[in-house]
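As structure tokens, the structure follows; a few thoughts come after it.
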Protein chains: 2
Amino acid sequence: MEATATSNPNTSNCPRIVVGLSRGQEKPNVSSVTAEARELGYDFVILPITFPSYRRFLFEQLIGSVDVNEKKIMEEWRKGHPFCREDLVVKNADVSDFMVGQVSNWINLDSPDHSIRINSEVIMRQQLSWLGHIGISAALLPFPSDSLMNYARCVNSIFGTVPYVNMWIKIPLILEDEILGLKETVTWERWNKFRTLCENHVKLSIALEVTQNLPEDNILDRWFAEPLKAVILPTTIFLSNAKGFPVLSKRHQTFVRKLIKYKPNFIIDCVADGPNHASGGLAAYQEYIHYLNRTMPELTQVEQFALGYHDFLQSPLQPLMDNLESSTYEVFEKDSTKYALYEKAIHHALLDHTNGSEEMILEAAEKAQKLVRVYAIEKNPSAFVTYVRYKDHLFVLITQELRFNIILNIRKFSLQNKKAEVWGDKVTIVFSDMRFWKAPEKADILVSELLGSFGDNELSPECLDGAQKFLKSGGISIPTSYTAFISPISSSKLYNEVAAYKDLAHFETPYVVMFQSASELAKPCQVWRFEHPNSNISVDEDGNPINNFHNTRYSKVTFNIRESGILHGIAGYFESILYKDIILSIHPDTHSVDMFSWFPIFFPLRVSFFFAK
Amino acid sequence: MEATATSNPNTSNCPRIVVGLSRGQEKPNVSSVTAEARELGYDFVILPITFPSYRRFLFEQLIGSVDVNEKKIMEEWRKGHPFCREDLVVKNADVSDFMVGQVSNWINLDSPDHSIRINSEVIMRQQLSWLGHIGISAALLPFPSDSLMNYARCVNSIFGTVPYVNMWIKIPLILEDEILGLKETVTWERWNKFRTLCENHVKLSIALEVTQNLPEDNILDRWFAEPLKAVILPTTIFLSNAKGFPVLSKRHQTFVRKLIKYKPNFIIDCVADGPNHASGGLAAYQEYIHYLNRTMPELTQVEQFALGYHDFLQSPLQPLMDNLESSTYEVFEKDSTKYALYEKAIHHALLDHTNGSEEMILEAAEKAQKLVRVYAIEKNPSAFVTYVRYKDHLFVLITQELRFNIILNIRKFSLQNKKAEVWGDKVTIVFSDMRFWKAPEKADILVSELLGSFGDNELSPECLDGAQKFLKSGGISIPTSYTAFISPISSSKLYNEVAAYKDLAHFETPYVVMFQSASELAKPCQVWRFEHPNSNISVDEDGNPINNFHNTRYSKVTFNIRESGILHGIAGYFESILYKDIILSIHPDTHSVDMFSWFPIFFPLRVSFFFAK
């Protein structure tokens, strides 16, 4: 079901979620347990790998003993002897696709006793290679104790021997004794130590146990930056509703709904073998989680669009849409927010530019047709052939009088895309790089959309520096300016994906990514700004900049970390003033409503850093 | 002279040191300055790359100005225009092998002013590429200011464009204002930040400026872990002796003598163009440094032996001597300390074993010849053919009575190596792996020397576990035990050498190395011990161990860092009890006097860590 979970086509609105059952039986009967679980509507079961009898191989009785013969038996066993069938809970691969194997929690890899430590390692290796052998894709491992060095070392070395088994480390949200005053971050810090010792192995992930008491929200949020493959819900944390059915408290509901977005494998953990609630039996828990999934709040336009792009690293050098299939292409064109903001900006710019009033504008609507010249300059040959869209384009509006309807048209053009049919002769389309176009006349307004997720990273400043030579003095550039922001990001998932390439190049590439498994260690800070037109540029006789040094930027910012965490990279955003108070933004705090043309940019760090609060 | 310094055959006792002269002239006449320096007995000179006139290209007057034409001139220059000959101090490669170029200290790469920052970068790039062009191997760069981000970034990117120029960053031991109370570690921490931003580039090193006041010794020691390529000695820190000649204070002398061991390029820095002292002129400073070099304390045997092996990483898998040329081979055999300790141990073991007294021993000396059987077991075919030495050997002494002279002989054998001539029939040499030798009779004493720098790392435990089956019960193993110690080590030099391989394998290899450019962040701690004979092993019918788990070790130690520093790896040592109170040790605090058979072991860390005190 590991496969199921990950192969979930996460482009559907309400993706199916996977719920498993753990009955905590020490001596389960595999066939009946699995059959029953299927009947109860569960997608998989958690089963121990060996029966309790297997504990004899810890040879605990030998601590301090000098019994030569018993020692000899132990040493012979350590050499590696095969499982006895009677020790194995699951004896063949029949139910492999329906189960997760549970490593015995009585092993102690960090015992002060040398012998217990060695035997625990041998046992864990045996159990996990058995899982690998019968083709089980995931193992549930015990919660690490405070001294976890050797445990982590063993897990890390076992990855090499059972490459296909995913290790889910059980991590409770809170340790009981924490409630009695210990700080709530203990379990995260223990996990952090463990995964660091395992060098963030991609097969290592968390089985997060939701506890009765929940920590503060900022503590909870931290887990979303971690590799959550499973979420354990003990039946004891469920309340009973009026009818005696199991339900979760409001806070638990909210948290679980958040978790659902990450599509973990949910595990209902029956502390007692049977149900804890009067009504609904064991099925009720699974039904309740599916109910929470079905009743998730409606997705916003942006969320809709972002489906399938969460944590998906793309190079920002090609425009975002190039990575989308044609169907999404259409969706992308429907970013009405962006076009509306541009229209509004152009509208206001024209009003100011012509000191006109709405009335005059409406009167002038007719005349406008003849009195305007619009040039659309396209540098992308294929787009030139097909149609004109704002993206990667420059509109030059040359106005003698106010022309309200023109603006409406411009928007229409951009949506209908058929010069021949719609634009007629009102627009001259020029195939040229705007930096080198010889304009027949100077423009009053320059409209461009060359913005990247980090503002300038698609070379908008360089293009506009070259284009502004055919803007009249006092002319207006839309956008007027754009400002870049950065914030420190924690995301082991994204870090691992970059690291997986095993080369420097991928660490020194910025990516466009819709963050999901990430948390911001601090609020974004402004780093720099670009303004247009830029009157401070020295130009050559052709009016082009002599060099590009004026577009270099240098900035230093200080962040105050909210919670201890690991810095994996830097997130980048932009905020653009199109004209006066008309702002287009992907800054989290000022993000333009329903706009989805840009995802944030992500600069990974080659070496991640731990920051204590 | 960079070359000179590094190609110094560092196997001679008093290696020649290199002393350069910096006269701090703004407008030096190259030919006369160099000629004079040669006459004065200096090996190189420090010369500015450009004349002060070149400062005009900072265009400082343009800060806040709107002069379009001046701006245009600046932009044209920034595009990259060639040097005017009159700006260049050194116009050709004539004196390249006799000079180090000094980057102008008036540039400011971290100026809050954008324009100054850009121009400073262009200027530094120009100056350094000029050095590269005329084949100068080293550049002296200004001491970084507190905000050094951009400075470091530029230097790091310039390494790519002028690959052959070594960058010496000027770092004073103490900042003047530190004396007025600031903590003395400021300059080290600034250096540390700078080199970290340059990712420890191998071409980046320190020109350490020795100041009038010296910090505490532990602060001074830290610099020996850093890449010291140059040491600047301002004439102002010299005192005058009775005759008016420049001399250094006792503490300065001690420090400079320590520095000499690292063979840096010394630079006499005339703050005033001329000498600061009544007698000796400018030559006196250079002569004084050479005097300090000539009058270095005599090298100990170990130092003698270690010459040429400082910071030289060797794989511990081959015995150390394999890496030495045959001449050193002879030296190596002269490790009388090791043989003496073994002799003493065997002596005492025999006394105890036979409850004999000196007198009885001497009486027995004669008889001994007939009454002893000695087996020498050799597993190395070539050594078997040539001669027998303790290393990699096992001596089995089978004694019915006490035999003092035998021990003397054994020592003699090991030094004379001629079985036929010396040993006669008293010793049987057996070609066998001791683990599998079928002994004709059981031994009273096992003597072996299979120790690695970390104790067990040459598999002494595994060999002796196999051999102890032919030791009588109550028999003695020499050595009786060996204990491993580790300590945290800071050494950017060793770290860089490992990193230079650019692969994981070299980071996961331990090395045998004679530390020089390294400092211990904390005292060594014990990690584990092996004892022989080991009565706790379960053996099979042949008397061999069933498995090797009993030789696995696990340990956790906590260190208290003495001074803030960077952890680059772990040093390993061993201390062996040969017999009772006879100890053979390479632990720094208990190192056996004059013994040089083992260098410490070094486990590099892939990621270095900064530890604040």
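The values are calculated or read from the model by the stated rules, or taken from the named source; none is laboratory data. All values reported here derive from a predicted model rather than from experimental measurement. As a convention, Cβ positions derive from the backbone with ideal geometry for all residues, glycine included, and neighbour counts pool all protein chains shown. Calculation scope for accessible area: heavy atoms of the full protein, side chains included, ligands and nucleic acids excluded. Shrake-Rupley method; radii C 1.70, N 1.55, O 1.52, S 1.80 Å.
Residues that are within 29 Å of A:R257 (Cα to Cα) and at pLDDT below 75: does region A:333-342 have at least one?
Yes, region A:333-342 contains at least one residue that is within 29 Å of A:R257 (Cα to Cα) and at pLDDT below 75.
Can you tell me which residue within region B:153-174, out of those that are farther than 17 Å from B:V122 by Cα and surrounded by fewer than 16 Cβ atoms within 10 Å (Cβ to Cβ), is modelled with the lowest pLDDT?
B:P163
Among the residues of region B:46-58, is there at least one that is within 14 Å of chain A (Cβ to nearest Cβ), open to solvent by less than 20 Å² (accessible area, probe 1.4 Å) and assigned to a loop (DSSP other than H, G, I, E, B)?
no
Would you tally the residues in region B:129-163 being free of Cβ contacts under 8 Å to residues at least 40 places away in the same chain, more than 14 Å from every other protein chain (Cβ to nearest Cβ) and in a helix (DSSP H, G or I)?
Total meeting the criteria: 5.
Just need a number here: residues in region A:520-567 that are within 13 Å of chain B (Cβ to nearest Cβ) and of a type in the set (D, E, K, R).
Qualifying residue count for the region: 5.
If you go through region A:114-136 one residue at a time, how many are closer than 16 Å to A:T34 by Cβ and open to solvent by 20 Å² or more (accessible area, probe 1.4 Å)?
The qualifying residues number 1.
Just checking, how many residues over region A:185-225 are in a loop (DSSP other than H, G, I, E, B), open to solvent by less than 50 Å² (accessible area, probe 1.4 Å), modelled with pLDDT under 90 and of a type in the set (V, I, T)?
1
Scan region B:459-475 and tell me whether some residue there is more than 14 Å from chain A (Cβ to nearest Cβ), open to solvent by less than 10 Å² (accessible area, probe 1.4 Å), out of contact with any Ser or Thr (no Cβ under 6 Å at 6 or more places or on another chain) and closer than 30 Å to B:E303 by Cβ.
yes
Looking at (1) out of contact with any strand residue (DSSP E or B) (no Cβ under 7 Å at 6 or more places or on another chain); (2) over 18 Å from A:V302 (Cβ atoms), which one does A:I570 not meet, given that it meets all the others?
That leaves (1) as the condition not met.
Please pick out the residue among B:F596, B:F574 that is in a loop (DSSP other than H, G, I, E, B), surrounded by 21 or more Cβ atoms within 10 Å (Cβ to Cβ) and away from every other protein chain (no Cβ under 14 Å). Give the derivation first.
Numbers: B:F574 fails: in a loop (DSSP other than H, G, I, E, B).
The unique qualifying residue is B:F596.
For B:A230, indicate whether it is crowded, with 19+ Cβ neighbours inside 10 Å and not in a helix (DSSP H, G or I).
Taking the combined requirement at face value, the residue satisfies it.
I'd like the full set of residues that are open to solvent by 60 Å² or more (accessible area, probe 1.4 Å) and either modelled with pLDDT under 90 or within 14 Å of chain B (Cβ to nearest Cβ) (or both), limited to region A:92-113. Spell out the reasoning first.
Step one: list which residues in region A:92-113 are open to solvent by 60 Å² or more (accessible area, probe 1.4 Å), which gives A:92, A:94, A:97, A:105, A:108, A:112.
Answer for region A:92-113, where residues must be open to solvent by 60 Å² or more (accessible area, probe 1.4 Å) and either modelled with pLDDT under 90 or within 14 Å of chain B (Cβ to nearest Cβ) (or both): A:N92, A:D94, A:N108, A:P112.
Could you give me the residue pairs with C-beta distances under 9 Å whose first residue belongs to region A:323-348 and is over 11 Å from A:S597 (Cα atoms), whose second residue is modelled with pLDDT of 80 or more and of a type in the set (D, E) wherever it lies, and which are 6+ apart or on separate chains?
Pairs that qualify, where the first residue is over 11 Å from A:S597 (Cα atoms) and the partner is modelled with pLDDT of 80 or more and of a type in the set (D, E), are A:Y342/A:E449; A:H348/A:D581.
Residues in region A:62-91 that are more than 10 Å from chain B (Cβ to nearest Cβ) and open to solvent by 100 Å² or more (accessible area, probe 1.4 Å): how many?
Residues meeting the conditions: 3.
Tally time: how many residues in region A:525-561 are assigned to a loop (DSSP other than H, G, I, E, B) and open to solvent by less than 80 Å² (accessible area, probe 1.4 Å)?
Residues that pass the stated criteria total 17.
Based on this model, can you work out whether A:N150 counts as more than 30 Å from the chain's Cα centre (by Cα) and either closer than 21 Å to A:C84 by Cα or buried (at least 16 other Cβ atoms within 10 Å of the Cβ) (or both)?
Yes.
I need every pair where a residue in region A:116-128 that is facing chain B (nearest Cβ under 9 Å) and within 11 Å of A:W77 (Cβ to Cβ) has its Cβ under 9 Å from the Cβ of a residue that is of a type in the set (G, A, S) and open to solvent by 20 Å² or more (accessible area, probe 1.4 Å), sequence separation at least 6 or different chains.
Listed pairs, sorted by first residue: A:V122/A:G80.
Cβ contacts < 9 Å: first residue hydroxyl-bearing (S, T, Y), restricted to region B:279-305; second residue part of a helix (DSSP H, G or I) and open to solvent by 30 Å² or more (accessible area, probe 1.4 Å), any location; separation 6+ or different chain. Result?
Filtered contacts from region B:279-305: B:T295/B:R257.
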